[in-house]
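Undergrad: Here it is, the structure in full.
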Amino acid sequence: MLANGEAVHAGSGRPRGIAPLAGRGVAGTFREAAIRGKVGATGDRMHVPTSAAFKQNAHAAIDDPGLQKALARSGPSFIARRAAAAAALPEFEELRNTARDIKNHTLAHLDFYLETYAANVEKAGGTVHWCADAEAAREAVLKICQAAGARTVTKGKSMISEEIAVNDHLEKHGITPVETDLGEYIIQLRHELPSHIIAPAFHLNLEDWEEAFRKSHTDLPADRVFAERRDILTEARTKLRARFLAADVGITGANFLIAETGTSVIVTNEGNGDLTQTLPRVHIVLASIEKVVPTLEDCTSLLRVLARSATGQDMSVYTTFSTGPRRDADLDGPAEYHVVLVDNGRSAMIGTEFQDMLRCIRCAACMNHCPVYGAVGGHAYGWVYPGPMGSVLTPALIGVDQAGLLPNASTFCGKCESVCPVKIPLPGLMRHWREREFERHLTPATQRRNLGLWAWFARRPSLYRMATRAAAFALGVAGRKRGRFARMPFAGGWTQGRDLPAPEGDTFFARYAQAQRDGTLR
Amino acid sequence: MSREAILTAIRRGLRRGALPADQAAMLRGRLAQHPRQLIPARSRLPHPQQVELFVRNVEKEFGTVARVASAAEVPVAVADYLAAQNLPSELVMAPHSELQAIPWAERPMLSIRQGRAEATDAVAVQHAFAGIAETGTLMFPSAPERPTTLNVLADTAIAVLRTSRLVGAYEEAWDLLRAELGGMPRNVMLVTGPSRSADIEQTLELGAHGPRRLHVVLVDDAG
């Protein structure tokens, strides 16, 4: 469907786009080059990022009628549901501060809380596998699966699993991973990446589901009828039930890790995560290091803002706390409990201006409210994390040389920051990426020249005002008839999508000064 | 190896070595005290109103509630519910002493097996450790007498909850759990309504992988 949809499982090699720069050191301590080497350099069936082709991706997305139908339908409902849930809880705004503070406290002592967490996991009989990068994490998962003699592995929804592309790695070694979250399941059937971090199949319509199910579930009667969504759901439930029961290993993500108790927490509505981690003999938790929080109480405060920000529910249906393997005399639960704890670029964000991004609890409110996401959907962003949070996180994880277009694809309307439950200054962080990009000479030459020209004028106010007055006057005269321009030299890209309103003859500064002189200002 | 590399990188970012002993002691103190953060006022109510809030919230989340005056009335409530929903009267029940003490024999039509749930079980009866009024949430800590599979595997989940076990906020339920179980059990599920998915066209459908129905039998023992 989207151009980048096909690239997801494409062959080996570097993503197209700008070749990685050797990169002179940039002020600050952020080690982009090191991170870039870790992501995407190994494995021949990685999720190859196409973020460098954002512009082409976005064009394809806007011309995709199916995607546009899905975006038009689903966008507004997320916004309304979050607004209703927030309005129904008078303390919601204050809880956002609490949530931010808990995360900041944890990040400031991340080494301590990770060590405490790991010690408590082990006290409960679990095993922690510390993994510096995606490759180490994939290997750790594979080793556990092989030791368990696994043939099939069920999976709960996990973004870190997408980030490290563990499914491809398992398949390559003869182990079948089965996604069990309904949205992830169809994404797997269609060989796509999720287009949204909490609603993986955000970009699909009922007819796409029917098509994929008919193509994949060939053992069922071909003339069966899908009259409504319920029929899709029922078929998926039946199909996946057998998978749950047969799986040797279950892999889930984690919304939180609790240091106090050595507990991993998952939040779902379907119940697939619980079947995944309860029925197989081995449970693997895939989690990145910034998921840790100190106590059950801290986790509880974050849960109060998570579901409200995400789906507009007061609480998700299943919030499950797992601590170690099955205890003596228990009648169910896994015999082995492993945590694959993944860094993959996070530790390098600590101490930089991007540390704030590590507060993210992956609720998706930012993308649900983003006009850019709403226009192009998630796949255009070209990698695992779309929307504003992706525009900040993706350059940190795969390199700003590859993902530099993402922090530029913003209207800076500030809506994302205003709804973020942990108050991440997303537009500000995108600006930081633009600065990094500029410093590293990754910005295209024309843009640099024009910015330089603008800066030269901006530092000379009287000249600046003279030039802008002249331009406003000229444009005002030229556009007097229609009041707008459908075409503009040097701004073809801008006017292709919309008209440029013609100025009314003078600049704001000039009119303000005039009004001051006339004494008409109030 | 990786462990040290990750911790070193974090400390480098934080511009310090391992946490000084006094600061570590302070953090350990915070863990031991696990201070409460802001608790919303909505559940700060007298107990009878908390019960009402709980019921309202369960129903808002598409669950159902039957209130009974004593444990002796539970079998009737369960049998009536199953009949009204046209469900079979075979059920699997948690081997919990409180549930075992219920006079099930007075409803001989109910066929009861005790233990964990299997894929073939259509109806499960679980013992609720606590209820949380704030959002109409049930708390199920795993134990030999409270198997986790009963929460998720059957099509219809029935939870028996005593009103005296109903609290306002999650924090109070954590306190009960710490005081009575002395630590985290292997699994603690907080369940708010029946299973659902909005993955198809972002439109809510009940009955994804977990139970399609969640029914709470609320036994009034708070006096």
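The values are calculated or read from the model by the stated rules, or taken from the named source; none is laboratory data. None of these values were measured; they are calculated from a predicted model. With ideal geometry, Cβ positions are generated from the backbone for all residues, glycine too; neighbour counts draw on all protein chains shown.
Undergrad: Name the residue that is nearest to A:VAL339 (Cα to Cα), counting only residues in the range A:107-136 that are part of a helix (DSSP H, G or I) and more than 10 Å from chain B (Cβ to nearest Cβ).
TA: For the range A:107-136, the residue satisfying everything is A:VAL121.
Undergrad: For the structure I just gave you, tell me whether A:THR446 is exposed (fewer than 12 other Cβ atoms within 10 Å of the Cβ) and closer than 30 Å to A:ARG100 by Cβ.
TA: no
Undergrad: Let me ask another. If A:VAL141 satisfies every condition in (1) surrounded by 17 or more Cβ atoms within 10 Å (Cβ to Cβ); (2) assigned to a helix (DSSP H, G or I); (3) in contact with a Pro (Cβ under 9 Å, 6 or more places away or on another chain) but one, which is the exception?
TA: Going through the list (1) surrounded by 17 or more Cβ atoms within 10 Å (Cβ to Cβ); (2) assigned to a helix (DSSP H, G or I); (3) in contact with a Pro (Cβ under 9 Å, 6 or more places away or on another chain), A:VAL141 breaks only (3).
Undergrad: Next up: Being assigned to a helix (DSSP H, G or I) and in contact with a Lys or Arg (Cβ under 8 Å, 6 or more places away or on another chain) is the filter here; which residues of the range A:438-457 pass it?
TA: A:PHE438
Undergrad: Among the candidates A:ARG237, A:ARG241, A:ARG224, A:ARG230, single out the residue that is modelled with pLDDT under 95, more than 11 Å from chain B (Cβ to nearest Cβ) and out of contact with any Leu (no Cβ under 7 Å at 6 or more places or on another chain).
TA: A:ARG224
Undergrad: Against the definition (basic (Lys, Arg) and touching a residue at least 12 places away in the same chain (Cβ under 8 Å)), how does A:LYS143 come out, yes or no?
TA: Judged against the criteria, A:LYS143 is not a match.
Undergrad: What are the residues in the range A:103-121 that are over 25 Å from the mean Cα position of the chain (by Cα) and surrounded by fewer than 20 Cβ atoms within 10 Å (Cβ to Cβ), if any?
TA: Within the range A:103-121, A:GLU115, A:ALA119 qualify.
Undergrad: Oh, and also: Just to be sure I understand, how many residues within the range B:140-156 are under 20 Å from B:GLY63 (Cα atoms) and buried (at least 24 other Cβ atoms within 10 Å of the Cβ)?
TA: Result for the range B:140-156: 8.
Undergrad: Quick check on this structure: which one of A:THR98, A:THR116 is in contact with a strand residue (DSSP E or B) (Cβ under 9 Å, 6 or more places away or on another chain) and closer than 21 Å to A:THR300 by Cα?
TA: A:THR116
Undergrad: To continue, here is another question. Got a sec? Which of B:THR135, B:THR163 is buried (at least 24 other Cβ atoms within 10 Å of the Cβ) and among the hydroxyl-bearing types (Ser, Thr, Tyr)?
TA: Sole residue among the options that is buried (at least 24 other Cβ atoms within 10 Å of the Cβ) and among the hydroxyl-bearing types (Ser, Thr, Tyr): B:THR135.
Undergrad: Look through A:PHE226, A:PHE244 and report the one residue that is of a type in the set (Phe, Trp, Tyr) and either under 25 Å from B:ARG146 (Cβ atoms) or crowded, with 23+ Cβ neighbours inside 10 Å (or both).
TA: Sole residue among the options that is of a type in the set (Phe, Trp, Tyr) and either under 25 Å from B:ARG146 (Cβ atoms) or crowded, with 23+ Cβ neighbours inside 10 Å (or both): A:PHE244.
Rundown of residues vs (1) more than 10 Å from every other protein chain (Cβ to nearest Cβ); (2) in contact with a strand residue (DSSP E or B) (Cβ under 8 Å, 6 or more places away or on another chain), yes/no style:
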site: A:GLN313; (1), (2): no, no
site: A:THR320; (1), (2): no, yes
site: A:LEU331; (1), (2): no, no
site: A:VAL340; (1), (2): yes, yes
site: A:SER347; (1), (2): no, no
site: A:PHE354; (1), (2): yes, no
site: A:MET367; (1), (2): yes, no
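Undergrad: Follow-up question, since we're still on this one. Being within 11 Å of chain B (Cβ to nearest Cβ) and farther than 21 Å from B:GLY193 by Cβ: is that true of A:GLU260 here?
TA: yes
Undergrad: Now, a different point. Do the conditions hold for A:PHE112, that is, is it aromatic (Phe, Trp, Tyr) and either farther than 30 Å from A:THR352 by Cβ or in contact with a Phe, Trp or Tyr (Cβ under 9 Å, 6 or more places away or on another chain) (or both)?
TA: Considered against the rule, which asks whether it is aromatic (Phe, Trp, Tyr) and either farther than 30 Å from A:THR352 by Cβ or in contact with a Phe, Trp or Tyr (Cβ under 9 Å, 6 or more places away or on another chain) (or both), A:PHE112 comes out as no.
Okay, residues lined up against (1) free of Cβ contacts under 8 Å to residues at least 40 places away in the same chain; (2) closer than 21 Å to A:THR446 by Cα; (3) over 36 Å from the mean Cα position of the chain (by Cα); (4) part of a loop (DSSP other than H, G, I, E, B):
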residue: A:MET488; (1), (2), (3), (4): yes, yes, no, yes
residue: A:GLN496; (1), (2), (3), (4): yes, yes, no, no
residue: A:PRO503; (1), (2), (3), (4): yes, no, yes, yes
residue: A:PHE509; (1), (2), (3), (4): no, no, yes, no
residue: A:GLN516; (1), (2), (3), (4): yes, no, yes, no
residue: A:LEU521; (1), (2), (3), (4): yes, no, yes, yes
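Undergrad: Same structure, new question: Which residues, counting only those in the range B:51-93, are of a type in the set (Gly, Ala, Ser) and either loosely packed, with under 14 Cβ neighbours inside 10 Å or outside the structural domain of B:GLU145 (by TED's automatic domain parsing) (or both)?
TA: B:ALA69, B:SER70, B:ALA72, B:ALA83, B:ALA84
Undergrad: Any chance you could count how many residues in the range A:59-97 are closer than 16 Å to A:VAL419 by Cβ and either in a helix (DSSP H, G or I) or modelled with pLDDT under 95 (or both)?
TA: The number of residues fulfilling the criteria is 19.
Undergrad: Follow-up question, since we're still on this one. For the range B:136-221, which strands (runs of 3 or more DSSP E) that fit wholly inside it have 2 or more residues that are in contact (Cβ under 8 Å) with a residue 60 or more places away in the chain and more than 7 Å from chain A (Cβ to nearest Cβ)?
TA: The qualifying strands (runs of 3 or more DSSP E) are B:156-162, B:213-219.
Undergrad: Here's something else I'd like to know. Identify all residues within the range A:166-198 that are at pLDDT 95 or above, buried (at least 20 other Cβ atoms within 10 Å of the Cβ) and more than 14 Å from chain B (Cβ to nearest Cβ); write none if there are none.
TA: Listed by number, the residues that qualify are A:VAL166, A:ASN167, A:HIS169, A:LEU170, A:ILE175, A:PRO177.
Undergrad: Now, a different point. Looking at A:TYR464, A:TYR385, can you tell me which residue is assigned to a helix (DSSP H, G or I) and either under 22 Å from A:ALA72 (Cβ atoms) or not β-branched (Val, Ile, Thr) (or both)?
TA: Of the residues listed, the single one that is assigned to a helix (DSSP H, G or I) and either under 22 Å from A:ALA72 (Cβ atoms) or not β-branched (Val, Ile, Thr) (or both) is A:TYR464.
Undergrad: Scan the range A:303-333 for residues that are of a type in the set (A, V, I, L, M), at negative phi and assigned to a loop (DSSP other than H, G, I, E, B) and jot them down.
TA: A:MET315, A:VAL317, A:LEU331, listed by residue number.
Undergrad: Does at least one position in the range A:217-232 carry a residue that is part of a loop (DSSP other than H, G, I, E, B) and closer than 23 Å to A:PRO76 by Cα?
TA: yes
Undergrad: From the list A:ALA124, A:ALA212, A:ALA201, which one is of a type in the set (Gly, Ala, Ser), out of contact with any helix residue (DSSP H, G or I) (no Cβ under 6 Å at 6 or more places or on another chain) and either over 16 Å from A:GLY253 (Cα atoms) or crowded, with 24+ Cβ neighbours inside 10 Å (or both)?
TA: The conditions single out A:ALA124.
Undergrad: Something else about it: Just one of the numbered conditions (1) crowded, with 24+ Cβ neighbours inside 10 Å; (2) within 11 Å of chain A (Cβ to nearest Cβ); (3) in contact with a helix residue (DSSP H, G or I) (Cβ under 8 Å, 6 or more places away or on another chain) is not true of B:GLN114; which one?
TA: B:GLN114 satisfies all of (1) crowded, with 24+ Cβ neighbours inside 10 Å; (2) within 11 Å of chain A (Cβ to nearest Cβ); (3) in contact with a helix residue (DSSP H, G or I) (Cβ under 8 Å, 6 or more places away or on another chain) except (1).
Undergrad: Just for helices (runs of 4 or more DSSP H) wholly inside the range B:1-110: which have at least 2 residues that are more than 11 Å from every other protein chain (Cβ to nearest Cβ)?
TA: Result: B:21-33, B:47-60, B:74-84, B:97-100.
Undergrad: For the range A:365-395, which residues satisfy the criterion of being small (Gly, Ala, Ser) and crowded, with 24+ Cβ neighbours inside 10 Å?
TA: Within the range A:365-395, A:ALA365, A:GLY377, A:GLY378, A:ALA380, A:GLY382, A:GLY387, A:GLY390, A:SER391 meet the criteria.
Undergrad: Checking the condition closer than 23 Å to A:GLY183 by Cα and either surrounded by fewer than 24 Cβ atoms within 10 Å (Cβ to Cβ) or more than 9 Å from every other protein chain (Cβ to nearest Cβ) (or both), which residue from A:LEU302, A:LEU279, A:LEU275 passes?
TA: A:LEU279
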